[in-house]
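Structure first, commentary second.
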Amino acid sequence: MRWDDERVQACFRCPQCTERLRASDDLLLVGGMRVRQRDKLLEAGITTIAELADHTAPVPGLTTNALGKLTAQAKLQIRQSDEGAQQ
């Protein structure tokens, strides 16, 4: 999480962090996402689940296999979210 105040340290688990993660469609919400993988994606300019789901190019520091799994999971989560919203 990129907080505006450098004195704030994100834990990614408390209610405040969870709210910020959801509000920003943060990559950490992708099932199986590791913090280091998120860092590599952020460095590549991919900042949201939606951007990851649409991404097709390689990402430096991530294997093709790892990126493929994360992209597939992001697509699945978006599809499930869309289906839930339609009900």
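The values are calculated or read from the model by the stated rules, or taken from the named source; none is laboratory data. The structure displayed is predicted, hence computed values, not measured ones. Note that each Cβ is placed from the backbone with ideal geometry, even for glycine, and that neighbours are counted across all protein chains shown.
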Could you tell me whether the range 18-41 includes any residue that is farther than 22 Å from Arg79 by Cβ, at pLDDT 85 or above and of a type in the set (A, V, I, L, M)? yes
Looking only at residues in the range 1-30 that are buried (at least 16 other Cβ atoms within 10 Å of the Cβ) and part of a helix (DSSP H, G or I), which one is nearest to the chain's Cα centre (by Cα)? Leu27
Step by step: first the residues of the range 31-78, then only those that are of a type in the set (Val, Ile, Thr) and part of a helix (DSSP H, G or I), then the one that is nearest to Phe12 (Cα to Cα). Which residue is that? Val35
Looking at the range 51-71 only, could you name the residues that are small (Gly, Ala, Ser) and surrounded by 15 or more Cβ atoms within 10 Å (Cβ to Cβ)? Ala53, Ala66
